[in-house]
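J.: Please find one structure pasted underneath; my questions will follow.
We did not get these values from a lab; they are worked out from the coordinates using the rules stated. Keep in mind that this is a model prediction, so the values were computed, not measured. With ideal geometry, Cβ positions are generated from the backbone for all residues, glycine too; neighbour counts draw on all protein chains shown.
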Amino acid sequence: MHITSPAFKDNARAALDDDALQRALGNVRSGFIGKRAKAAAALPEFEQLRDAARDIKDHVLAHLDLYLEAYADKVEASGGHVHWAQDAEDARRIILGICEAKKARTVTKGKSMITEEIGLNAFLEEHAVTPVETDLGEYIIQLRGEHPSHIIAPAVHVNKDQVEEDFRRVHTHLDPARNLEEPTTLLSEARAVLRDKYFQADIGITGANFLVAETGSSIIVTNEGNGDLTQILPKTHIVVASVEKVVPTLEDMSQILRVLARSATGQDMSVYTTLSTGPKRPEDPDGPEDYHVVLLDNGRSAMLGSEFQEMLRCIRCGACMNHCPVYHAVGGHAYGWVYPGPMGAVLTPSLIGVDQAGHLPNASTFCGRCESVCPMRIPLPKMMRHWREREFSRNLNPAAARYGLGLWAFFAKRPAVYHAAMRLAIGTLSRLGRRSGRFASLPFAGGWTRFRDLPAPQGATFQAQWAKKRKSA
Amino acid sequence: MSDARSAILARMRASLGQRAEDAARRAAVADRLQRAPRGIVPQRGQLDPAARTELFCKMAEAVQASVARVASAAAVPGEVSAYLKTHNLPARVRMGADARLAAMPWAGEPHLEIASGRAEGSDLATVSHAIGGVAETGTLVLTAGSDNPTTLNFLPEHHIAVVRESDLVGDYESIWDRLRQIHGKGVMPRTVNMITGPSRSADIEQTLLLGAHGPRALHIIVVAD
Amino acid sequence: MSADAAPAQTPPPAGLPPRVGLFVTCLVDLFRPSVGFAAVKLMEDAGCTVEVPAAQTCCGQPAFNSGDRADARDIAKAVIRAFEGYDYVVAPSGSCASMLKKHYVELFDGDPAAMERANLFSAKVFELVSFLTDVLGLDQVEAAFSGSATYHDSCSGLRELGIERQPRKLLQSVEGLELKEMQDSDVCCGFGGTFCVKYPDISNKIVSEKTRCIEESGAELLLAGDLGCLMNMAGKLKREGSRIEVRHVAEVLAGMTEQPAIGEKKRG
């Protein structure tokens, strides 16, 4: 996927000017926040479960190598195959290799951010394998030639009338005069079109929300049922999962399940939580004959032991972006790569480099709302700050900003000089602003005054007034 | 690919500052996998059987499943017929080889046609038997096999699932205990489905619609026993 | 983040009034000294002795949040040194108080002695309203204001220090003041320190949402506990031609509203 993260500012401006997008983003604010709050409040143990979920993942990350070994052994014992991919290129090659061995021409796909991360669809298409996205949102954006703008609601940036246009454009075998005004008719049409695809597909590819080491199971959590049809109808099921998805036991999975859907959509439980273990058994009338798991590292092993390790607790619920004022303002595409919002602002620099994604950890007000709702208690603002530290120490931030900061720090570290200088500066500023009480524009303050007035200082500084008062007392 | 495996695991150990042979780490992992300690189990589901059944039904209905409670297994065929009739569906269902279902008096519903085996795309209604239900969220648990092929749970428009009241539990953990009893520790059927309500999507403007790719309707028959 | 506003610390020696070092904050020092005087009055009325060390400038957030740990650490050390002698350190800002209380300790990894000092310091630091209510046990003030007000929860105060009910409780005791809650009072105003000048377009979008909520509340006065947020919201309200006045919550609690509101010219 083409990376546009370096152009974040331009992307953001375009997003702010896009009326249709702004309308769609309203659905994020109204669609997720209240539901999550209600679901969390309805479960008295919710906060304890967040602690437990955090502790489980911390334990796993400290023993990640061993849990992966245990998991892989179990998969193989149940008749499945495990493939280890060091990077995206490895993963693409492995998956294509399986497709070629099966002479596959069509693959259906359950919703998977990891396959977005490795750019799987474009790669398969280049090699004459047709990927068909089956999650409704993913299907819509595949028709539009776009990428997800949200990790659980991939088409949240699209409005209903746009979906209607896309369906009319692509589903040319259907009556052009049909009525598609209601969202239900759009859903029924997608259901009917995709039904055939499940049966035609040679291979089904899904991601995984969890990999359970105890049993060698891969777990998907969905609402539509598309992931299940993807993994039980074709002859081959490929699971693509990043290494940090492993949890020790079914009990551990249950802890995290209890915070996952509540944080994501405000459901107590998503509709379908499905545990798949190996290929179908001899007596099973349905299910895949072959079961492959592709375990992707792609930079995660290097995050272990670093100040970004905690990011590997992320379970991709999307709560951080659902609650992020910056995401609400600009949407997911502005972030310029696969992962948007606060989790993307931390993860993206790890995966594509901070030189490319440097804007992302900076484009945050540090309001902390993401951390306050993160089910895994990931300190997202703190880790964004760590990225800023790396940028600062590598001189990656703009020269003007560094100069300004340096000048400010010079004064801030010298109180006497600071107070003398400020007394002068503020005296001048307050005289200039006395008449109106504010400035509509001011040299060197364009970033502020372009959109808002700058309140004028009241008069002498507090320190000056205080000193005078003490002297007279 | 074994090269990639060693490289990835070696990098992880290096990042963590650990050695592969560290016996204490291995013991910690083996112990957790063996003991499978329970974490926080919500009080919500910890109820006496009658209240547990009530909660299960309430939670399932809250996620748009319909629930019928019948007095015995003998009443299930009648309930299936009645459901089909109420929803203007043809008197035809598909089901697997489940012995509990097979033992029910289907002959008492002479108009009801019963197909067997895995589901086809054209099936409007299927019947399967769940191994249990979880009261805390109104979740059904079904396992794959010739008894209850997984496709029955996903392909029809209407999925009718039978569950015995005595198989209802308070929490997910109790289901894992039961699976271990049936299949052995660390062994799983090919597919375990936890199903909480009928299929849905909110991908168009965050408006919730039922019946995305899976069943539009989930009808749960709770059998007293 | 937990709301741990309640102090786990020994009270000052019995009989003596608590000695408070006021951390003025750079914005109050430069732009709105009346907030500092209101803070002094509130604490003196509650029986404290208040002093203002001259060796303070800024809490160091601009450096800390720009990734400049070295300067942030130097500033933190200077602030800790300047305030070590007081029973309490109080700032009329959730953001600066949180920097002093929560983040200074993060700056001294690998320097146990400095970390120890930062930890001792941290336990003494409070945001003004939290100090008045949670530490001094104040549940009402002697003040009057005739009109309706809405309160914006500034992010750091709310989510890092658990300040939410305290200002509302004290405001309810202000004679003549009617509190009208706005929608999304807990959502960021888009200030974010240097964020608002680094990403002005995004900041503008966020503050526009905020001013819409403020207008819709129907209140005549906007209050908050952080001058940065207040200047941002006041600047936007004034640019939009709004008649809503904007003040720091301390000004109303202290009954010191004779100065023009933020961004307003002198009356008469």
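J.: Can you tell me which of C:254-264, C:175-185 comes out highest on packing, and rank the rest after it, using the mean Cβ neighbours within 10 Å? Write down the numbers at each step before the final one.
T.: Values: C:254-264: 19.6, C:175-185: 15.1.
Ranked from most to least packed, the peptides come out as C:254-264, C:175-185.
J.: Listed here are the pairs A:Lys413/C:Lys102; A:Lys57/A:Lys102; A:Lys280/B:Lys185; A:Lys111/A:Lys160; A:Lys103/A:Lys280; which of them are more than 26 Å apart at the Cα?
T.: Violating the 26 Å limit, Cα to Cα: A:Lys57/A:Lys102.
J.: Let's test the formula: R0 of 56 Å, r as the Cβ-Cβ distance of C:Ala123 and A:Arg13. What FRET efficiency results, to the nearest 0.05?
T.: 0.80
J.: If R₀ is 30 angstrom, what is the calculated FRET efficiency for the pair C:Arg81 and A:Asn395, using the beta carbon separation as r and rounding to 0.05?
T.: The pair C:Arg81/A:Asn395 has a calculated efficiency of 0.50.
J.: Would you compute, for the Cα atoms of segment C:19-134, the largest minus smallest coordinate along each principal axis and list the three values in descending order, in whole Å?
T.: The Cα atoms of segment C:19-134 stretch 42, 28, 23 Å along their principal axes.
J.: Using only Cα atoms, locate the centre of segment B:165-225 and the centre of segment C:127-156, then give the distance between them in Å, rounded to an integer.
T.: Each part's Cα centre sits 50 Å from the other's.
J.: When the dipole is taken about the Cα centre of segment B:46-223, and only Lys, Arg (+1) and Asp, Glu (-1) are charged at their Cβ, what size is it in debye, to the nearest 20?
T.: 280 debye
J.: Given labels modelled 7 Å from the Cα in the Cβ direction, how far is it in nm from C:Glu220 to B:Arg100?
T.: Going from the C:Glu220 label point to the B:Arg100 one covers 6.9 nm.
J.: Turning to a different aspect of this structure: In peptide C:69-76, how many Cβ atoms from other protein chains are near each Cβ within 10 Å, on average?
T.: Mean partner shielding for this stretch: 3.
J.: May I pose another question? Between A:Ser472 and A:Arg431, what length comes free when the chain is fully extended (0.36 nm per residue of separation minus the Cα-Cα distance, one decimal in nm)?
T.: Separation in residues times 0.36 nm, less the Cα-Cα distance, equals 12.3 nm.
J.: Here is a follow-up. Hey, which lysines would be in cross-link range of A:Lys9, C-alpha to C-alpha under 16 Å, not counting anything within fewer than 8 residues on its own chain?
T.: C:Lys198, C:Lys205
J.: Rounded to the nearest 500 deg cm²/dmol, what is the calculated helix-only ellipticity per residue at 222 nm for chain C, with -39500 (n - 2.57) per DSSP H run of length n ≥ 4?
T.: On the way: 11 runs with 105 residues, N = 268.
The per-residue figure over chain C is -11500 deg cm²/dmol.
J.: Mean residue ellipticity at 222 nm from the helices of chain B, using -39,500 (n - 2.57) per DSSP H segment of n ≥ 4 over the full residue count, to the nearest 500 deg cm²/dmol? All intermediate terms of the calculation are to be shown ahead of the outcome.
T.: Working: 7 runs with 73 residues, N = 225.
Helices in chain B give a 222 nm mean residue ellipticity of -9500 deg cm²/dmol.
J.: For chain A, what is the calculated [θ] at 222 nm in deg cm²/dmol (nearest 500), taking -39500 (n - 2.57) for each run of four or more DSSP H residues and dividing by its residue count?
T.: The helix-only estimate for chain A comes to -15500 deg cm²/dmol at 222 nm.
J.: Another question, then. From the convex hull of the Cα coordinates of segment A:46-301, what is the mean projected area in square nanometres?
T.: 14.2 nm²
J.: By how many nm would the segment from C:Arg267 to C:Ala144 lengthen if fully extended, with 0.36 nm per residue of separation less the alpha-carbon distance?
T.: Taking 0.36 nm per residue and subtracting the Cα distance, the gain is 42.3 nm.
J.: Modelled label-to-label distance, B:Gln181 and B:Ser72, 7 Å Cα→beta-carbon offset: nm?
T.: 2.4 nm
J.: Starting from the Cα of A:Arg195, step 7 Å toward the Cβ, then list every residue of segment B:112-137 with an amide N under 12 Å from that point.
T.: Output list for this probe position: B:120-125.
J.: Work out the mean other chain Cβ neighbour count within 10 Å for the residues of C:201-213 and drop it here as an integer.
T.: For this peptide, the per-residue mean of nearby foreign Cβ atoms is 5.
J.: Lone cysteines in chain A, defined as no other cysteine's Cβ under 4.7 Å from theirs: which are they?
T.: Singleton cysteines: A:Cys99, A:Cys314, A:Cys317, A:Cys324, A:Cys374.
J.: Straight-line reach from C:Lys266: which lysines have a Cα under 18 Å away, not including same-chain ones fewer than 8 places off?
T.: C:Lys238
J.: Something else about it: Going through the cross-link list A:Lys38/C:Lys210; A:Lys197/A:Lys235; A:Lys35/C:Lys236; A:Lys245/A:Lys382, which pairs have a Cα-Cα distance over 20 Å in this structure? If you can, show how the numbers build up before the last one.
T.: On the way: A:Lys38/C:Lys210 23 Å; A:Lys197/A:Lys235 13 Å; A:Lys35/C:Lys236 31 Å; A:Lys245/A:Lys382 23 Å.
From the list (A:Lys38/C:Lys210; A:Lys197/A:Lys235; A:Lys35/C:Lys236; A:Lys245/A:Lys382), the Cα-Cα distance tops 20 Å for A:Lys38/C:Lys210; A:Lys35/C:Lys236; A:Lys245/A:Lys382.
J.: Which log10 I(q)/I(0) values does the protein assembly as shown give at q = 0.07 Å⁻¹ under the Debye formula, counting every alpha carbon as one identical point scatterer?
T.: With one equal scatterer per Cα and no solvent, log10 I(q)/I(0) is -0.64.
J.: Here's another thing I want to ask about it. Calculate the FRET efficiency for A:Thr130 and C:Ser173 from the Cβ-Cβ distance with a Förster distance of 56 Å, rounded to the nearest 0.05.
T.: Once rounded, the FRET efficiency stands at 0.20.
J.: Another question, then. Assign unit charges at the C-beta atoms only (+1 for Lys and Arg, -1 for Asp and Glu), then state the dipole size of segment A:254-298 relative to its Cα centre in Debye, rounded to the nearest 20.
T.: 320 debye
J.: Moving on. Hey, which aspartates and glutamates would be in cross-link range of C:Lys77, C-alpha to C-alpha under 16 Å, not counting anything within fewer than 8 residues on its own chain?
T.: Straight-distance partners of C:Lys77: C:Asp68, C:Glu106, C:Asp109, C:Asp111, C:Glu116.
J.: Turning to a different aspect of this structure: Under a crude label model (7 Å from the Cα following the beta-carbon direction), how far is C:Arg243 from A:Asp175 in nanometres?
T.: 5.8 nm
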